[in-house]
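S.K.: Here it is: the structure, laid out below.
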Amino acid sequence: MKWTLPNILTVLRLLAAPGVAVLFLYFARPWADWIALALFSVAAVTDWIDGYLARAWSQESKFGAMLDPIADKAMVVIALLVICGFSGMDPWILLPATLILFRETFVSGLREFLGDTAGTLKVTRLAKWKTAAQMTAIAVLFSTGAFQTYFAMQTEGMDAETVFAILDGTVPDENGILWKYHGMIYSWWIGILLLWAAMVLTLVTGGDYFRKSLPHLKG
């Protein structure tokens, strides 16, 4: 295996996947959320860059073809586990995350079982959109975690009536609570919509892979 730039980027993306979770062990929130968002976003961008460079420079390899989907799945799976954890197992996040993890595990097992014939399960354009939707949703939800932490820190010690009065505009917002609240709400809804869209694409592509594999499962 040659250490070409595309392969190096793929390996770095794979190593970044557990790093997203480890950050929360060494950094306090919201810093952990912002750093995880930055690390995840950079790693997600390399998913496009390494593929583009491999094709442009004719450096496509079996190693890269094998490791690229593994790195993508590791990033998505670990990031979703982290988000489920700090969201308090919110059912709006837990349900799509569970179905996404189920599909990824199912397809990975299917590819392993098919062995040499797994080449029939080529990555489709829809599957690429699925991955893009997953990564965008995760990035947005990391920002939601940061906004939630800011809002909790700013309103700590305040009674509920004062908080509601600030949000209603009847009391001056001297500490910038309002923009943190809006950031929390808007990023949550955008992230949830993207995550559910990713879930639908995930299930559709998973069903497509299973349909294509049926001829190899008979007998």
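No value in this document is a laboratory result; all are computed from the given coordinates. Not measured: the values here are computed from a predicted model. When we count neighbours, we look across all protein chains shown, and the Cβ atoms used for this are built from the backbone with ideal geometry, even at glycine.
S.K.: Treating the beta-carbon of each Lys and Arg as +1 and of each Asp and Glu as -1, no other charges, what is the dipole magnitude of the range 41-116 about its Cα centre, to the nearest 20 debye?
M.R.: Values: 5 positive and 9 negative charges, 10 e Å.
Here the size comes out at about 40 debye.
S.K.: From the convex hull of the Cα coordinates of the range 131-219, what is the mean projected area in square nanometres?
M.R.: The directionally averaged projection comes out at 7.9 nm².
S.K.: Over the Cα atoms of the chain, what radius of gyration and what Dmax do you get, in Å?
M.R.: 20.4, 72
S.K.: Still on this structure, please answer the following. Quick check on the range 23-139: take the gyration tensor over C-alpha atoms, sort the square-rooted eigenvalues as a ≥ b ≥ c, and tell me if it's rounded (a/c under 1.5), prolate or oblate. Before the final figure, lay out the partial values.
M.R.: Numbers: a/c = 2.37, a/b = 1.43, b/c = 1.66.
It is oblate, given that a/c is not under 1.5 and a/b is not larger than b/c.
S.K.: While we're on this one: Highest mean first, what order results for 156-169, 52-65 on Cβ atoms within 10 Å?
M.R.: Details: 156-169: 11.6, 52-65: 13.6.
Peptide ranking by packing, descending: 52-65, 156-169.
S.K.: A further question on this structure: Could you state the angle between the C-alpha long axis of helix 177-217 and the longest principal axis of the C-alpha atoms of the chain, as a value from 0 to 90 degrees rounded to the nearest 10?
M.R.: Here the helix axis deviates by roughly 20 degrees.
S.K.: Pairs Lys73/Lys180; Lys62/Lys128; Lys73/Lys130; Lys73/Lys218: which exceed 21 Å Cα-Cα? Mind showing how you got there, number by number?
M.R.: On the way: Lys73/Lys180 31 Å; Lys62/Lys128 19 Å; Lys73/Lys130 12 Å; Lys73/Lys218 28 Å.
Over 21 Å Cα-Cα: Lys73/Lys180; Lys73/Lys218.
S.K.: For Val123, which sequence-distant residues (separation of 5 or more, or a different chain) have an amide H within less than 5 Å of its own amide H, given hydrogens modelled in the peptide plane?
M.R.: Those lying under 5 Å, H to H, from Val123: there are none.
S.K.: Starting from the amide H of Val171, placed 1.01 Å from N in the peptide plane, find each other amide H under 5 Å away whose residue is 5 or more places distant or on another chain.
M.R.: Ile166
S.K.: Sorting check: for 13-19, 210-216, which peptide has the highest mean count of neighbouring beta carbons within 10 Å, and how do the rest follow? All intermediate terms of the calculation are to be shown ahead of the outcome.
M.R.: Working: 13-19: 17.6, 210-216: 12.9.
Top of the packing list down: 13-19, 210-216.
S.K.: Output ³J(HN,Hα) for the range 135-140: one whole-Hz value per residue in order, computed from phi by the Karplus curve 6.51 cos²θ - 1.76 cosθ + 1.60 with θ = phi - 60°, and x for Gly and Pro.
M.R.: Along the range 135-140, the couplings run 5, 5, 4, 5, 4, 5 Hz.
S.K.: Any idea which of Ile190, Thr202, Tyr150 is furthest toward the positive side of the dipole for the range 119-219, if Lys and Arg beta-carbons carry +1 and Asp and Glu beta-carbons -1?
M.R.: Thr202
S.K.: Now for a different question. Defining a contact as two alpha carbons under 8 Å apart and six or more residues distant in sequence, what relative contact order in percent does the chain show?
M.R.: 26
S.K.: Summing -39500 (n - 2.57) over the DSSP H runs of n ≥ 4 in the chain and dividing by its residue number, what mean residue ellipticity at 222 nm do you reach, to the nearest 500 deg cm²/dmol?
M.R.: After summing the helix terms and dividing by residue count, I get -29000 deg cm²/dmol.
S.K.: Could you tell me which of rounded, prolate or oblate describes the range 1-80, using a ≥ b ≥ c as the square roots of the eigenvalues of the alpha-carbon gyration tensor, with rounded for a/c under 1.5 and, failing that, prolate when a/b is larger than b/c and oblate otherwise?
M.R.: prolate
S.K.: Show me 6-12, 102-108 ranked by packing, highest mean number of other Cβ atoms within 10 Å first.
M.R.: 6-12, 102-108
S.K.: Provide the per-residue ³J(HN,Hα) series for the range 156-172, in order, calculated from phi with Karplus coefficients 6.51, -1.76, 1.60 and θ = phi - 60°, each as a whole number of Hz, with x at glycine and proline positions.
M.R.: Rounded to whole hertz, the list is 4, x, 7, 7, 4, 5, 5, 4, 5, 5, 5, 5, 7, x, 7, 10, x.
S.K.: Kindly identify the range 132-171 as rounded, prolate or oblate by the Cα gyration tensor criterion: order the square roots of the eigenvalues as a ≥ b ≥ c, call it rounded if a/c is under 1.5, otherwise compare a/b with b/c, prolate if a/b is larger, else oblate.
M.R.: Verdict is prolate for the range 132-171.
S.K.: Another question about this same structure. Using each residue's phi in the range 41-51, evaluate 6.51 cos²θ - 1.76 cosθ + 1.60 at θ = phi - 60° and report the 3J(HN,Hα) Karplus result to the nearest Hz, with x for Gly and Pro.
M.R.: Once rounded to whole Hz, the list reads 5, 4, 5, 5, 5, 5, 4, 7, 5, 5, x.
S.K.: Determine the dipole magnitude for the chain: charges of +1 sit on the beta-carbon of Lys and Arg, -1 on that of Asp and Glu, nothing else is charged, the reference point is the Cα centre, and the result goes in debye to the nearest 20.
M.R.: In total the dipole reaches around 1360 debye.
S.K.: What does the charge dipole of the range 93-219 about its Cα centre add up to, to the nearest 20 debye, if the Cβ of each Lys and Arg holds +1 and the Cβ of each Asp and Glu holds -1?
M.R.: The calculated dipole for the range 93-219 is roughly 1260 debye.
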